[in-house]
Structure formats: C-alpha cells, structure tokens
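Please read the structure below before turning to the comments.
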Amino acid sequence: MKQFEAVVVGAGPAGMAAALELSKHEVNTAVIDEAEAPGGQIYRPIPAAFKVTATKRMTHRQRTGRRLTQTFLQPNDKLTIFAQSAVWGSFEPHSLDVLQNDRIFKLAYDKLIICEGANERFIPFPGWTLPGVMSIGGIQKLLRHQRLIPGKQILLAGSGPLLIAAAAELIQSGANMAGVLEAAKLLEGLPLLSEMFRQKGLLGESIAHAIPLLKNRKLFRQRTCIVEAHGKDRVEAATICQLDDDWRPVAASEKVVKTGAVGIGFGFKPGARLSRLCGCKHIFDSKKGGFFPVVDAYQAADRADIYVAGDAAGIGGAALAEIQGRIAGLHAAYSLGRISKNRFGSLIQPLLNSKEKVARYSRKLEQIYTPRDALYQTITPETIICRCEGVTAGELWEQMGKGRLDLTSLKPARLGMGPCQSRGCESITAELLRLEGVDPHMIKPLGLRPPLIPMPISVFEKNNDEVCG
C-alpha cells in the first residue's frame, strides 16, 4: 500500500488546482487520472501523434488552461501523478483501490479530494439508441482530439452553451450541418450579459462561438427539438418539431430532416460516483441534472477528510472548478496543520469571494437551460431508457403504476444492471419518478458497488496477493 497525505482523483481544472495548492503548502500529494495527459475534457491536448498547426488565436479560457496544465506538469517533489489510472473501489476507510494498466494497488490517504467531473445530460426519444446518435460532447471530443467529423451531415439538438460551442467548431472545421436545434429562446439568455461583462474573457469567447452561427443563420432553430430518430442500421433522418414557451412539443409542427449523425445534449450532470461509493451524502436536484454531493463552503463533504470539487460537486464550468479545487486544497492543507489559522483566513476569503462571483453566472445558466418538464413528452412507452439492458419507459411506468416509486425497487426491471452501472438511465428515471409526483427529496440514488469501472477477471488473477492482502 502506498501512503500519501492527500490524494486527488481527477486531473481536470479542479484536480490540477487542488494538487498545486496542496503541494504549495508542502503536502505530499498523489493525483490519479484515467487519461495519459492532464487537462480533463476541456483542457486535454490532442494525442502526440497528431501534428496540428494552430489556425486561430487561443481564447482566454484556453490560455488559462494551458498555463494551469504547464504549471501542473513542472517538476514537483510533492506531487506524484498516476496517469492512465482509475479508482475501481474503496474497501477500507482512507484507502482507494486503483487500476493502472493491468496492475492493482492501494493508495492510503489522510485527505481525499474527488474531482470526477461531469457526464452529459440527455432526454431520450424514440430512436436515440441508433448508431450515429451521439452526445454533443462525444462529437466535440472526436473533433478536438481525433480530428474526426462523425458523419457526412450532422444535426445537433439540445440546450445550453455546449450546443453552440460544438456547432461553431464543427462549422469552422468544414462539417456539413443539417441544423442546430436549441430548445431555449435566444432572448432568454439576455440576463447572462451582465455576468459576461464581469468575468474576464467570457464575453469574447461567447461572441466567438456565436459568429459562425450568425453567418449560417438558416442552420439555427430556436424553440425546436428532436422527437424521433429514424434509420435501419444507423441514423438516416430525424423528426424535429417546434416547442412552445413551456418546451411542450407543438402539434402538427413535425418535419423530417435527413442526416448522417445526430448530437444530443442538455448540459451536464455531476459525475458523482466515487463520492457515493465513499458514503458521502447526495441529494437529487433536477436543475443540477441529477444527484450531487452535499458540501460546505470549503468543498468538504459530510464524510470526514473527503472533499468534492469541480463539476462533480455541481455543474459550474472550468473557471468555477478551478476555484473550488484551490479552496479544497487550501482547506485540506490547513486541516493538516500546514497553514496557520490567520494565514488560512487571509488566503481563503478572496477565493470564496471569487467562487460566489463565478457561481452567479452558473446559476443563471441553470435557470435558462434546465430542461422543462413538458419536454419529457417526447418520451414514448417504446422509448429505451436503459440502453445497456433495453429497458423501456413503458416498462418503468408499468412498475411505477404498481407502487414501485423509488429507483431501487425498479431494479428488477433490469434498470441500471448493465456495464455502464446506471450512468445514463439513473438520472433519467429519477426525472420520470419526479414527474410521477414523487418528492425530489425522497428520490435516493442507486447503491454503488465496486468495481466502479469494467474490470477483466485476468486482472484479479494477476494481482491476487494485492486484492486479498
């Protein structure tokens, strides 16, 4: 077993900031990340094998990310980085079980900072499981990190800033777009302007994303969504329709659009998995996309010596994630006795002030782009909710009609029993329960068990001593 004073899980903006803050105060820290290089989904560089010449100026956020990543990668005797590694279990207090390649080992910690990031949020519709229907973030990742455009013609649909950013990148990369469908109305975004002026670089970045769409106005449709995808072996077309002010599909407004790929997404939800496995308290909030951990002002969870920062603690974006990471790292260092009380007070207050300033923008985004209840009318009884096990909405509604009004009692329908371990279907089903009248405060997450990631049996055979010891 390897012993560290602090372990940080995740090397995105929050994780890198937390690790740097800890090491600055002489805390011996380990960082675990599944990727080969740090940065998370937002800052991660393209693979080294790709040779790409920069064709445009970096945004303020990209420059910030580059500085943070370069600082994180500088030689630091207080930082140990476990790349291409993943936490698969936690069987004892203050201990994590880690998989790296085909090797299993344990990490012991005094303080744990969880920065798991986020998953995308979906509202399913008939045909969304067809090959060629992807998440918007997945399409963006292919474009950014593999320089691939997934389809001869692409239709994007959903709501929120990622939709616009991905559309802009695709257009600038020469993709043939079938359309960009935003469920919200542009005028609803006006309250965001005041916050954009307050945050450095945010307004310029937003304008840069909007310009490609302004030049291709015919592609963009507001108050519009996909209600069905069509195709035999893969997606070939999609039925779209208009929405009213409550995001309810407007009758007789349907239109079929030919497309070779579809990207869908309604923002993000906290990727709170390890924090649940470690026993931290979580609550359900539809506006936040699902289940998220309860943390205090210093990002400390209700379990001793555990912190959660970044999007795993509630969706807020890279700027807020970095601030939360610094706060968690600073408080952990203080609780380890590396900072005096007076010094801690002088260092933490500016960070708390910055967190509140940036969080205001995130809260307004949440108010504008959270999917409204009426949009769930696109779900039909035949619509698949659990992709792994093929569980339909009709099957779940039937069980709910029998009084099974919690996630655990729905598991006999095979809900969440597939290899993704409910990452997709859990939050969608929680929304269906809420819409059936269940009090959101009474909706509890499914229980998680190790392994948190798919594990081949051969790994346990090779590491029998470590597993049993």
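Taking the stretch 165-188 as the range and being over 26 Å from residue 366 (Cβ atoms) and assigned to a loop (DSSP other than H, G, I, E, B) as the test, the residues that pass are 173, 174, 175, 176.
Scanning the stretch 375-393 for residues that are of a type in the set (D, E, K, R) and under 21 Å from residue 241 (Cβ atoms) gives a single hit, 382. Residue 152 falls short of the stated requirement of being outside the structural domain of residue 390 (by TED's automatic domain parsing), more than 30 Å from residue 388 (Cα to Cα), part of a loop (DSSP other than H, G, I, E, B) and in contact (Cβ under 8 Å) with a residue 24 or more places away in the chain. Being out of contact with any Ser or Thr (no Cβ under 8 Å at 6 or more places or on another chain), among the acidic types (Asp, Glu), over 19 Å from residue 323 (Cα atoms) and at pLDDT below 95 holds for only one residue in 36, 26, and it is 36.
The residue list 392, 378, 370 contains one member that is modelled with pLDDT under 95 and over 29 Å from residue 40 (Cβ atoms), which is 378. Regarding residue 419, is this residue surrounded by fewer than 11 Cβ atoms within 10 Å (Cβ to Cβ), within 24 Å of residue 120 (Cβ to Cβ) and free of Cβ contacts under 8 Å to residues at least 40 places away in the same chain? When the stated conditions are applied, residue 419 passes them.
For the stretch 322-352, the set of residues classified as part of a helix (DSSP H, G or I), surrounded by fewer than 21 Cβ atoms within 10 Å (Cβ to Cβ) and among the charged types (D, E, K, R) consists of 341, 343, listed by residue number.
Residues that are of a type outside the set (A, V, I, L, M) and crowded, with 17+ Cβ neighbours inside 10 Å were ranked within the stretch 57-77; the one that is farthest from residue 37 (Cα to Cα) is 61. Within the stretch 168-221, being at positive phi and touching a residue at least 40 places away in the same chain (Cβ under 8 Å) holds for 179, 201. Of all residues in the stretch 358-372, those being polar (S, T, N, Q) and part of a helix (DSSP H, G or I) number 2.
Every listed requirement among (1) more than 26 Å from residue 280 (Cβ to Cβ); (2) more than 24 Å from the chain's Cα centre (by Cα); (3) modelled with pLDDT under 95; (4) not basic (Lys, Arg) is met by residue 93 save one, (1).
Determine, yes or no, whether residue 434 is charged (D, E, K, R) and assigned to a helix (DSSP H, G or I).
On the way: charged (D, E, K, R): yes; assigned to a helix (DSSP H, G or I): yes.
Yes: the conditions hold for residue 434.
The single condition from (1) under 30 Å from residue 447 (Cα atoms); (2) in a helix (DSSP H, G or I) that residue 292 fails is (2). For residue 355, state whether it is surrounded by 15 or more Cβ atoms within 10 Å (Cβ to Cβ), in contact with a Leu (Cβ under 6 Å, 6 or more places away or on another chain) and of a type in the set (D, E, K, R). Against the criterion (surrounded by 15 or more Cβ atoms within 10 Å (Cβ to Cβ), in contact with a Leu (Cβ under 6 Å, 6 or more places away or on another chain) and of a type in the set (D, E, K, R)), residue 355 does not qualify. When the stretch 296-309 is filtered for residues that are out of contact with any Phe, Trp or Tyr (no Cβ under 7 Å at 6 or more places or on another chain) and outside any strand (DSSP E or B), the ones remaining, listed by number, are 296, 297, 298, 302, 303, 304, 305, 309. Applying the condition of being in a loop (DSSP other than H, G, I, E, B) and of a type in the set (Gly, Ala, Ser) to the stretch 122-149 and asking which residue is surrounded by the most Cβ atoms within 10 Å (Cβ to Cβ) yields 127.
Whenever a residue of the stretch 114-137 is under 17 Å from residue 290 (Cβ atoms), its partners that are of a type in the set (Asp, Glu), lying with C-beta atoms within less than 6 angstrom and at least six residues away or across chains, give the pairs 117/311; 118/311; 135/120; 137/120. Just checking, does the stretch 405-417 include any residue being among the small types (Gly, Ala, Ser) and under 14 Å from residue 389 (Cα atoms)? Yes, that holds for at least one residue. Within the stretch 187-203, the set of residues being modelled with pLDDT of 80 or more and more than 24 Å from the chain's Cα centre (by Cα) comprises just one member, 187. With respect to residue 178, determine if the residue is at pLDDT 95 or above, assigned by TED's automatic domain parsing to the domain that holds residue 220 and either farther than 13 Å from residue 369 by Cβ or among the hydroxyl-bearing types (Ser, Thr, Tyr) (or both). Spelling it out, residue 178 is indeed at pLDDT 95 or above, assigned by TED's automatic domain parsing to the domain that holds residue 220 and either farther than 13 Å from residue 369 by Cβ or among the hydroxyl-bearing types (Ser, Thr, Tyr) (or both). The condition (being crowded, with 19+ Cβ neighbours inside 10 Å, in contact (Cβ under 8 Å) with a residue 60 or more places away in the chain, touching a Cys at 6+ places or on another chain (Cβ under 9 Å) and assigned to a helix (DSSP H, G or I)) is satisfied by just one residue among 375, 396: 375.
The values are calculated or read from the model by the stated rules, or taken from the named source; none is laboratory data. Only a predicted model underlies this, so the values are computations on that prediction, with no experimental measurement involved. A quick note on method: Cβ atoms are made from the backbone with ideal geometry, for glycine too, and the neighbour counts reach across all protein chains shown.
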